[in-house]
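The values are calculated or read from the model by the stated rules, or taken from the named source; none is laboratory data. Since the model is a prediction, treat every value here as computed from it, not as a measurement. Using ideal geometry, Cβ is built from the backbone for each residue, glycine included, and neighbour counts are taken over all protein chains shown.
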Amino acid sequence: MLLLLSTSTSYLAQAVVIPSAFAKDGTTSATSPTATLLACLKPLGSKVLTSSSSKYNDERYGFDLRYTYKPQVIVMAASASDVQTAVKCATASKVAVAPRSGGHSFEGYSIGGQDGSLVIDLTGLNRVSVSASGVAKVGAGMRLGPLYLELFNQGGWTLNAGTCPSVGVGGHTLGGGFGLLGRKHGLLIDSVLIMEVVNANGELLTVSATSNPDLFYALRGAGGGSYGVVTQFTYQAVKPTSTVTSYTYDWDIKDYQGVLRSYVDFQVKASRDVGVEMNVGPDGLEMYGLFEGTKSQQAAALKEFLDNAPKPKSSDIREGRHIDAQLRFSYIAGDPKDINALALTGKNKPGDSRYTKGKSLVYPEPLKDSTIALLGKWGSITPKGSTANYIIVDIWGGAVSDVSADATAFIHRDAHSVFEFVSEWNEDPNAKPGIKDCTACLKWMDDMYAEFLTDFTANYGPVRGYQNYIDMEIPNWQDAYYGQALSKLKQIKKATDPGNTFRFPQSIPLP
């Protein structure tokens, strides 16, 4: 496997891993660091799980079962007070804290990214309340599918967030949060009004534009586990149009050049009501998205693109409610028709694999022909053992770029498009953790990404990546994710977490 240069090693040297002090029978020495930590956590009772707990292995893993790190302790928090207790104990014991909202970190950071962390699982913080004006208070343990359902049931609201129903709102928000409403309503961080945050001292802070404004800046774009544990978000929810049109268009992979050139050129002129993604893979190209309006209005909005692109081999265009479109693109296993499937209860499970590897690149300008050629080349290859491999090309712009690049820690405001590179294997929805990696899948990813990096640095400038698709191997990760914001982010880190309680291999380092 090709290993790409990464400055993440400069932070790895700072990480403090406290080894487990458990004996083989699960007991601890009375004077061990683990015994001290557990004594501190004792008021939380059965919410505290250790390797000797019967529920430990059930709760140990994140979504991607490739990662088998062993947390020293898992706290199944049911309230902000539980989080405060856990953080105070971790800080006193010098144990790294890993907040876990949905557990979808691409590198397993929601379970620490290393052995010995204290994982704070936020699943129990899942209440949602929406005011008549659409001010939504959302517990940080909510997942996007159930959240969309709750927002709909409480007044027909929604949020400008992503499509994957099992993703936790915490990490998704704090890393930026782009979705099919992003071109009209911006990133999810742009809808955040207030956050409740437990800092390294265990204090519950109110964070907003007027209260702890430096932390408000840092959390919106660089907040995924580096500064504290967000226990609740307050958003300004979005009221979608009464009728939306969801759509898919499909082409053979051989048509990639004409389709992608038309798609890329369309971004500059596209209405903000057009939310769209392009999936490039061995089965062909699929463009899918939402338009806030009727079928006839959607047809007019996409006419220039469709006139210039090769004729699609198939299409599926549907009018309906916004919630129906959210269900359509959530790809819940079993293709359910009932919006209640978004709650992810019973047999309704996310359809994506529990074994995956992802990377990203953020393009600041329209794609060159050389980049489009790489999309066609690598998108057409199926590695042996892969159940799915594809490149998603998201068109950004619109409301994302309305916010100044220095207003939040999210630096990619000028993004023209964002690529998500994905390889998946093992489609079993009940897959077990720790299965051997798909070697050919990872080789496809590494060889492909190396060519894209060469093309990127030759044509677009310094490498940029989307922090919600975090990647240990991206070159110069601190600059790629945070750029000009990094110096300020380090100073805020020093002011709010001088003991580096909130740490993982790619957390914001101390200056």
Within segment 280-329, the residues that are in a helix (DSSP H, G or I), under 19 Å from A270 (Cα atoms), out of contact with any helix residue (DSSP H, G or I) (no Cβ under 6 Å at 6 or more places or on another chain) and not aliphatic (A, V, I, L, M) are K295, S296, Q297, Q298, K303, E304, D307
Which pairs have Cβ atoms under 6 Å, sit 6 or more apart or on different chains, and link a residue in segment 188-208 that is in contact (Cβ under 8 Å) with a residue 40 or more places away in the chain to one that is basic (K, R) and not in a loop (DSSP other than H, G, I, E, B)?
-> I189/R220; G202/K88
Any chance S110 is buried (at least 19 other Cβ atoms within 10 Å of the Cβ) and at pLDDT 95 or above = yes
Members of segment 415-432 that are over 20 Å from M278 (Cβ atoms) and either modelled with pLDDT of 95 or more or crowded, with 16+ Cβ neighbours inside 10 Å (or both) | W425, N426
Just one of (1) out of contact with any helix residue (DSSP H, G or I) (no Cβ under 8 Å at 6 or more places or on another chain); (2) farther than 27 Å from S166 by Cβ trips up I381, so point out which.
-> (1)
Taking segment 86-102, which residues are of a type outside the set (A, V, I, L, M) and surrounded by 23 or more Cβ atoms within 10 Å (Cβ to Cβ)?
-> C89, P99, R100, S101, G102
Need at least 2 residues that are touching a residue at least 40 places away in the same chain (Cβ under 8 Å) and in contact with a strand residue (DSSP E or B) (Cβ under 9 Å, 6 or more places away or on another chain) per element, so show me which strands (runs of 3 or more DSSP E) inside segment 100-159 make the cut, counting only ones lying wholly within it.
-> 118-121, 135-139
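I'd like to check something: does segment 393-402 contain any residue that is surrounded by fewer than 19 Cβ atoms within 10 Å (Cβ to Cβ), of a type outside the set (D, E, K, R), under 24 Å from the mean Cα position of the chain (by Cα) and not in a loop (DSSP other than H, G, I, E, B)?
For segment 393-402, residues surrounded by fewer than 19 Cβ atoms within 10 Å (Cβ to Cβ), of a type outside the set (D, E, K, R), under 24 Å from the mean Cα position of the chain (by Cα) and not in a loop (DSSP other than H, G, I, E, B): present.
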Please report, ordered by residue number, the helices (runs of 4 or more DSSP H) entirely within segment 439-511 with at least 3 residues that are of a type in the set (F, W, Y) and modelled with pLDDT of 95 or more.
-> 439-459, 477-482
Within segment 204-211, is there a residue that is within 23 Å of V83 (Cα to Cα), surrounded by fewer than 18 Cβ atoms within 10 Å (Cβ to Cβ) and either of a type in the set (G, A, S) or within 18 Å of the chain's Cα centre (by Cα) (or both)?
-> yes
